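First comes the structure, then the notes that go with it.
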Amino acid sequence: MKKLFAIVTVGFLVACSANQTAESSEESVVTPTSDSVAMTPANNEPEATESVEEIMLSAKLQCVDKGMDEYDVPHSDVFIEFGDHKEKVSSCLACQTITEEDFSKYDIPKDALSACGGWWAGGGDYFYVIRNARNTIEVYAGWQDEGQMEDNDTSFHWELKKTYE
């Protein structure tokens, strides 16, 4: 009888733990802290994780090709990734990574962490991520179109899109 009770109790605890893990794996926004630690499942002891500065410096933008629509127009989603966080920033038509060597061509600050975007059918959407003086991440979105070129306007109309703290 004691063995049966022990087996039932262990089964109940395992089921509750699995349910709690499933519930906690749903999307959530977590603000990283400098004293973040991860618990190793084997011994429940703290395991060192990246510092906030390392997480912020690793922020990058990623293009995800969504394919062409029925009119052969390309579609992409732009995501930001840092630490364990991944979030959709925007959608655009053409998208590819912009290399650090090309930042100046797009009026992107040389200390930007990552950039992407692209031109399609007379216009372009562009994005970059930068770490500001307060150690937060800022995502900027900009655009340019061929109509503005007629007025010798080559700017990218950069605007702050989102800040991550």
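Can you tell me how the stretch 52-164 classifies by the Cα gyration tensor, rounded, prolate or oblate, using a/c under 1.5 as the rounded cut? It comes out oblate by the Cα gyration axes. Cross-link check: pairs Lys110/Lys162; Lys66/Lys162; Lys86/Lys110; Lys86/Lys161; Lys60/Lys105; Lys66/Lys105 evaluated at a Cα-Cα cut-off of 21 Å; pairs beyond the cut-off: Lys66/Lys162; Lys86/Lys110; Lys66/Lys105.
What is the stretch 53-103 by shape, rounded, prolate or oblate, if you read a ≥ b ≥ c off the alpha carbon gyration tensor as root eigenvalues and call it rounded for a/c under 1.5, prolate for a/b larger than b/c, and oblate otherwise? Could you put the intermediate results ahead of the total?
Working: a/c = 4.33, a/b = 1.81, b/c = 2.39.
The shape class here is oblate.
Working note: Karplus 6.51/-1.76/1.60 with θ = phi - 60° gives the stretch 105-120 the couplings 5, 10, 6, 8, x, 5, 9, 4, 7, 6, 8, 7, x, x, 10, 8 Hz, where Gly and Pro are set to x. For the stretch 149-158, the Karplus equation 6.51 cos²θ - 1.76 cosθ + 1.60, evaluated at θ = phi - 60°, returns couplings of 5, 4, 9, 6, 9, 10, 6, 10, 6, 5 Hz by residue, with Gly and Pro reported as x. Per-residue Karplus couplings for the stretch 81-89, computed as 6.51 cos²θ - 1.76 cosθ + 1.60 with θ equal to phi - 60°, are listed in order as 10, 7, x, 8, 9, 9, 8, 6, 9 Hz, Gly and Pro entered as x.
Every number here is computed from the coordinates shown, using simple stated rules; none is lab data. Computed from a prediction, not measured in an experiment: that's the story for all the values here.
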